[in-house]
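Novice: Can you read through this structure? Questions will come right after.
The values are calculated or read from the model by the stated rules, or taken from the named source; none is laboratory data. All figures in this text were calculated on a predicted structure; none of them were measured in a lab. Here the Cβ positions follow ideal geometry from the backbone for every residue, glycine too, while neighbour counts run over all protein chains shown.
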Amino acid sequence: MLKINKLNSGYGKLQVLYDLSIEIPEKGITVVVGPNGAGKTTLLCSIMGIADVSSGEVEFQGNSIRALPSYLLARQGISYVPQMGNVFAELSVRDNLQMAGYLLPTAKAKKKAEQMTVMFPVLKKFIDRKAATLSGGERRMLAVAMGLMKDPKLMLLDELSTDLAPIIAEKVISEVARLRDELGITILLVEQMAKRALEIGDTAYLLVSGGVRFAGKARELLNEPELCNMYLGIKQPAAQNIPSIEGSR
Amino acid sequence: MAPWLATGLIYASALALAAGGITLLYMSTRTFNFAHASMATIGFYVIYTGSVLGGGTPYRYFPLAFLIGGLLGVICYYGLNRPLLKRRAVEITLMMSTLGYDLILLSVIQMYCDYLTFSRRLFPRRVSMSIYDFELLGVSAATIILPLVAIVFLTALHLFLVKTRFGVAMRATIENPVLAGASGINADRVYMLAWVIGGGMAALGGAAMSMAITGTPVLGMNSIPFMFAGAIFGGLHSLYGGILGGFVIGMTEYAGVFYLSQIFGPWVLGYRMGIPLLLMAATLLIFPRGLAGIPWAALVRNLFGKKGGIRV
């Protein structure tokens, strides 16, 4: 669905990604993991036309989308949930949802917003409050709801679990798996909770210092003890029964 | 009504409009618009030309002044601001570019004045617009109409920003352009509209100001420090702060000079322009984020005796 070929990009004179090639297959979760500073967020910013792309190709459904401004990408069905600044703090929750559904017809946007408040009841409770007054977790839920408002074909999710209590982070990540299974949305998930993300993911890329260190099935990456240990802080390989979160209780 | 109060109301309403425009442009495109000066002057010449050549009251030509100001804003946006923003120019560059635009507009104003002088046999370089005014309820009409114009315009602007989809999109883009873009909002259109409204407010402010003070080709140049003072007084990050700031700056100039000269004598008149700026400086020392940064809610709570301290 999304194809990136020999991408070089960064911010101004600072280059972050070097000859990066990635392919995101349709209807699946592609997980991008890696240590801090590997260029995971920059990858998303390069797709969205926010970072400076110096060379390389970015193709979405067969068409080049390189250097397109982000509002045109949104119109093609790409939804982006940034890690920081992912809600409009000065607007009410209601206006935030309305803005997220900016491209939908008004009636449909209203209906979608209602669906979101059913999916995330906390949003209904605070519908007229400024987003700035929400807690970190509530904000993140609003951000995900805003990403979903757009009825996207492809969702780019940046570090969903940041700011969230572990138990809620777990829930949000499971929710991502549900998006794939029930709505058939293609997802590019950048995540710090590497183990959990790889468990629900289909394809995985390990990014190190602006290049791809591993590409393949998500489960296979979990079976690479050396890579997992060195870059992801996952001590044991997944193949040997690690007690899951549910099991430990 | 005391004359100082009547003139002060007109002047303060004019500054409120102009300072609001400066704030809006700064919030949306990070640009301190120096061209506000000549855009305001052009607003004055629009109503002057209308009143002299077209006839009728000056108020008939206020909408035209707004439109021409908006047009000048669009030219500035597409000609200067947008290309510079695309190259990620820093704020100083953006600001200086508008100074250049201001000088171009000032030259155009001078040429236009020459045209009026030599071809039309008029005296456009020193104009008292109040002679085209009429009397309403015992005072000059401007005293009543212009504050009303400001209130109606600013209320409409407020409703637009709060109630309409595009207005909310405008606020969203001002706060977070990246996320707004990812939501499908075309920031380009938002910025263009900001320049239409900002430029229009400058011209409207200039037109209103000429009903209070003598209209000259440097009407805007002379008053731009106070437009900026109003915007800075308001805190620069709140449109409503900027509007209030402009109004307070305008009012204190007239009220200050009136009361202080009664106490200290007429020599105070020579320092009239310093009075609002002193007030601004003093306020900013206590509330560095300007009027919009003052915790009004907490202040009110304190006044009515409820618990809760003031936090700045």
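Novice: Give the range B:92-138 a look and list any residue that's at pLDDT 90 or above, surrounded by 12 or more Cβ atoms within 10 Å (Cβ to Cβ), more than 20 Å from the chain's Cα centre (by Cα) and over 20 Å from B:GLY215 (Cα atoms), or say none.
Specialist: Matches in the range B:92-138: B:THR93 only.
Novice: Still on this structure, please answer the following. Test A:LEU68 against the stated conditions and say whether it is within 24 Å of A:GLU26 (Cα to Cα), in the same structural domain as A:THR186 (by TED's automatic domain parsing) and at pLDDT 90 or above.
Specialist: Against the criterion (within 24 Å of A:GLU26 (Cα to Cα), in the same structural domain as A:THR186 (by TED's automatic domain parsing) and at pLDDT 90 or above), A:LEU68 does not qualify.
Novice: Is the range A:146-154 home to any residue that is part of a loop (DSSP other than H, G, I, E, B) and at pLDDT below 85? Break it down stepwise before answering.
Specialist: Of the range A:146-154, the ones part of a loop (DSSP other than H, G, I, E, B) are A:150-153.
If we keep only those that are at pLDDT below 85 too, we end up with A:150-151.
Scanning the range A:146-154, I find at least one residue that is part of a loop (DSSP other than H, G, I, E, B) and at pLDDT below 85, so the answer is yes.
Novice: Could you tell me which numbered condition A:GLN192 fails, if it satisfies all but one of (1) modelled with pLDDT under 80; (2) out of contact with any helix residue (DSSP H, G or I) (no Cβ under 6 Å at 6 or more places or on another chain)?
Specialist: Exception for A:GLN192: condition (1).
Novice: Here is a follow-up. Closer than 27 Å to A:THR133 by Cα and in contact with a Pro (Cβ under 7 Å, 6 or more places away or on another chain), is that true of A:SER79?
Specialist: When the stated conditions are applied, A:SER79 passes them.
Novice: Same structure, new question: Do we have A:GLY62 as surrounded by fewer than 20 Cβ atoms within 10 Å (Cβ to Cβ), in contact with a Lys or Arg (Cβ under 6 Å, 6 or more places away or on another chain) and small (Gly, Ala, Ser) here?
Specialist: Working: surrounded by fewer than 20 Cβ atoms within 10 Å (Cβ to Cβ): yes; in contact with a Lys or Arg (Cβ under 6 Å, 6 or more places away or on another chain): no; small (Gly, Ala, Ser): yes.
For A:GLY62, the condition - surrounded by fewer than 20 Cβ atoms within 10 Å (Cβ to Cβ), in contact with a Lys or Arg (Cβ under 6 Å, 6 or more places away or on another chain) and small (Gly, Ala, Ser) - is not met.
Novice: While we're here: Identify, from the list B:GLY184, B:GLY167, the residue that is at pLDDT 90 or above, in contact with a Lys or Arg (Cβ under 8 Å, 6 or more places away or on another chain) and within 13 Å of chain A (Cβ to nearest Cβ).
Specialist: B:GLY184
Novice: Within the range A:195-203, identify whether any single residue is of a type in the set (Ser, Thr, Tyr), out of contact with any Ser or Thr (no Cβ under 8 Å at 6 or more places or on another chain), touching a residue at least 24 places away in the same chain (Cβ under 8 Å) and surrounded by fewer than 24 Cβ atoms within 10 Å (Cβ to Cβ), and answer yes or no.
Specialist: no
Novice: Only one residue in B:LEU179, B:LEU161 is within 14 Å of chain A (Cβ to nearest Cβ) and touching a strand residue (DSSP E or B) at 6+ places or on another chain (Cβ under 9 Å), so which one is that?
Specialist: Values: B:LEU161 fails: touching a strand residue (DSSP E or B) at 6+ places or on another chain (Cβ under 9 Å).
Exactly one of B:LEU179, B:LEU161 is within 14 Å of chain A (Cβ to nearest Cβ) and touching a strand residue (DSSP E or B) at 6+ places or on another chain (Cβ under 9 Å), namely B:LEU179.
Novice: Let me ask another. Somewhere in the range A:135-143, is a residue in contact (Cβ under 8 Å) with a residue 60 or more places away in the chain, within 30 Å of A:GLN61 (Cα to Cα), in a strand (DSSP E or B) and within 15 Å of the chain's Cα centre (by Cα)? Quick ask: steps written out before the conclusion?
Specialist: Of the residues in the range A:135-143, the ones in contact (Cβ under 8 Å) with a residue 60 or more places away in the chain are A:143.
So of that shortlist, the ones also within 30 Å of A:GLN61 (Cα to Cα) come out as A:143.
From what is left, the residues that are in a strand (DSSP E or B) are none.
No, the range A:135-143 contains no residue that is in contact (Cβ under 8 Å) with a residue 60 or more places away in the chain, within 30 Å of A:GLN61 (Cα to Cα), in a strand (DSSP E or B) and within 15 Å of the chain's Cα centre (by Cα).
Novice: Hey, another quick one. If we keep just the residues of the range A:106-133 that are outside any helix (DSSP H, G or I) and modelled with pLDDT of 90 or more, which is nearest to the other protein chains (Cβ to nearest Cβ)? Steps first, please.
Specialist: Applying the first criterion (outside any helix (DSSP H, G or I)) to the range A:106-133 yields A:120, A:126-130.
Those left that are additionally modelled with pLDDT of 90 or more: A:126-130.
Values: A:PHE126: 18, A:ILE127: 15, A:ASP128: 13, A:ARG129: 15, A:LYS130: 11 Å.
Among those residues, the one meeting the criterion is A:LYS130.
Novice: Among B:TYR115, B:TYR61, which is within 30 Å of B:ILE145 (Cα to Cα) and in a helix (DSSP H, G or I)? Please lay out each step first, then the result.
Specialist: On the way: B:TYR115 fails: within 30 Å of B:ILE145 (Cα to Cα).
The conditions single out B:TYR61.
Novice: Moving to a separate point now. Looking at the range A:1-103, what helices (runs of 4 or more DSSP H) fall wholly within it and have at least 2 residues that are more than 29 Å from A:ASN229 (Cβ to Cβ) and within 14 Å of another protein chain (Cβ to nearest Cβ)?
Specialist: Passing ranges, in order: A:70-75, A:93-100.
Novice: What's the number of the condition A:GLY136 fails, among (1) at pLDDT 85 or above; (2) outside the structural domain of A:LYS235 (by TED's automatic domain parsing); (3) not aromatic (Phe, Trp, Tyr)?
Specialist: Every listed condition holds for A:GLY136 apart from (1).
Novice: Separate question: Please work out which residue is modelled with the lowest pLDDT, limiting yourself to the range B:260-312 and to residues that are farther than 27 Å from B:ILE213 by Cα and among the β-branched types (Val, Ile, Thr).
Specialist: Restricting attention to the range B:260-312, the residues satisfying the condition of being farther than 27 Å from B:ILE213 by Cα are B:284-290, B:292-312.
Those still in the list that are among the β-branched types (Val, Ile, Thr) too: B:286, B:294, B:300, B:310, B:312.
Numbers: B:ILE286: 87, B:ILE294: 81, B:VAL300: 80, B:ILE310: 49, B:VAL312: 44.
If we take residues in the range B:260-312 being farther than 27 Å from B:ILE213 by Cα and among the β-branched types (Val, Ile, Thr), then B:VAL312 is modelled with the lowest pLDDT.
Novice: B:PHE32 fails exactly one of the following numbered conditions: (1) modelled with pLDDT of 95 or more; (2) out of contact with any Pro (no Cβ under 8 Å at 6 or more places or on another chain). What is the number of that condition?
Specialist: Checking B:PHE32 against (1) modelled with pLDDT of 95 or more; (2) out of contact with any Pro (no Cβ under 8 Å at 6 or more places or on another chain), the one that fails is (1).
Novice: Scan the range B:144-170 for residues that are in contact with a Leu (Cβ under 6 Å, 6 or more places away or on another chain) and free of Cβ contacts under 8 Å to residues at least 40 places away in the same chain and jot them down.
Specialist: Answer for the range B:144-170, where residues must be in contact with a Leu (Cβ under 6 Å, 6 or more places away or on another chain) and free of Cβ contacts under 8 Å to residues at least 40 places away in the same chain: B:ILE144, B:GLY167.
Novice: Oh, and also: One residue is enough: does the range B:194-201 have a residue meeting the conditions surrounded by fewer than 21 Cβ atoms within 10 Å (Cβ to Cβ) and under 30 Å from A:GLY77 (Cβ atoms)?
Specialist: Looking through the range B:194-201, none of the residues is surrounded by fewer than 21 Cβ atoms within 10 Å (Cβ to Cβ) and under 30 Å from A:GLY77 (Cβ atoms).
Novice: Right, something else. When the residues of the range A:155-175 are filtered to those that are among the aliphatic types (A, V, I, L, M) and at pLDDT 85 or above, which remaining residue is farthest from A:GLY37 (Cα to Cα)?
Specialist: Here the answer is A:MET155.
Novice: Give me the pairs, please: first residue somewhere in the range B:86-105 and under 25 Å from A:ASP52 (Cβ atoms), second residue anywhere and in a loop (DSSP other than H, G, I, E, B) and of a type in the set (A, V, I, L, M, F, W, C), beta-carbon distance under 6 Å, and either six or more positions apart or on two chains.
Specialist: That search, which allows pairs on different chains as well, returns B:MET95/B:PHE32.
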